[in-house]
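Notes for the one structure printed next.
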Amino acid sequence: MKATSMLKKASIALTVAAGLSIATSANAMKLKQQNLQELISASQNIIAGEVIKVTDGFDNKRPYTEITINVSSDAKGKLKEESTYTFRQFGLLEPLSMGNGKVYLGVTPDGFAKWHEGENVIAFMYKPASITGFQTTAGMAQGKFVVRDGKVINQFANSGLFEGMDTASFSDEERNMLTNPEAVKVDVFMNLVGKLAGAQ
């Protein structure tokens, strides 16, 4: 009877754990969609540059990933060119063995931006959290764009990036981005970001 009872309890615990995992993933997938104007408004800085260092660790038992970007420009004009910008985002890079047979699973949650050394990015940085100082991109992964082959794209293939925006002041080239948001030219994109940021 005891064995049966223990098996039932274990089964219930596993079901609850699985349910929590699914709920967490579902919540991450339900990020509020933000367009470019909203990302700009929510950003403290809009950094273009190269990710030169990605490490992880703990701060007061809180897991973090630390990212350093070599800044080539800041569309909001707050950072100097050719400076570096370092911030800590919640969560480790990967599960960590604690050396006692246990594995710490506090990795960066789904929906957060993922970072890799050597990638060129445009990062719409939200202000740091008041208590932890941790920071991430505005709109979570929506606010991190990778530059490849002269184009910029975020984790969601720029889905919804221009929805609901007033495009009256857009140039013809900027309007062309609306028809094919997956192939946005980096120079046109940054010119538009600078124009919209300057208008705030």
Considering only 64, 120, 131, whose Cα is most displaced toward the positive end of the charge dipole of segment 51-134, charges sitting on Cβ of Lys, Arg (+1) and Asp, Glu (-1)? 131
Just how much of residue 32 is accessible, in Å², when a 1.4 Å probe is used and the result is rounded to the nearest 10? 140 Å²
Per residue solvent-accessible surface (Å²) - segment 133-200, probe of 1.4 Å: 49 Å²
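Using a probe of 1.4 angstrom, how much of the accessible area of segment 107-189 is carbon and sulfur, in percent?
With neighbouring chains kept in place, the figure for segment 107-189 is 49 percent.
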Expressed as a whole-number percentage, the relative contact order of segment 72-198 with C-alpha contacts under 8 angstrom and at least six residues apart is 19 percent
Using distinct alpha-carbon pairs, which all enter the 1/r mean, Kirkwood radius of segment 51-192 in Å: 16.7 Å
Which of the listed residues, 89, 146, 101, is farthest toward the dipole's positive end in segment 50-200, when Lys, Arg count +1 and Asp, Glu count -1 at the beta-carbon? 101
By accessible area with a 1.4 Å probe, ligands and nucleic acids excluded, highest first: order of 86, 108, 55: 86, 55, 108
To the nearest 10 square angstrom, what accessible area does residue 190 show with a 1.4 Å probe? 40 Å²
Go through segment 94-108 residue by residue and turn each phi into a ³J(HN,Hα) via Karplus (6.51, -1.76, 1.60, θ = phi - 60°); whole Hz please, and just put x for glycine and proline. 7, x, 10, 6, 8, x, 10, x, 9, 10, 7, 9, x, 7, 4
Excluding ligands and nucleic acids, what accessible area in Å² is computed for residue 94 using a 1.4 Å probe, to the nearest 10? 120 Å²
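The values are calculated or read from the model by the stated rules, or taken from the named source; none is laboratory data. Remember, predicted model here, so these are calculated numbers, not experimental data. Ideal geometry is used to build each Cβ from the backbone, glycine not excepted, and the neighbour counts take in all protein chains shown. The protein model used for the area step is the full one, side chains on, heavy atoms only, and it has no ligands, DNA or RNA in it. Shrake-Rupley method; radii C 1.70, N 1.55, O 1.52, S 1.80 Å.
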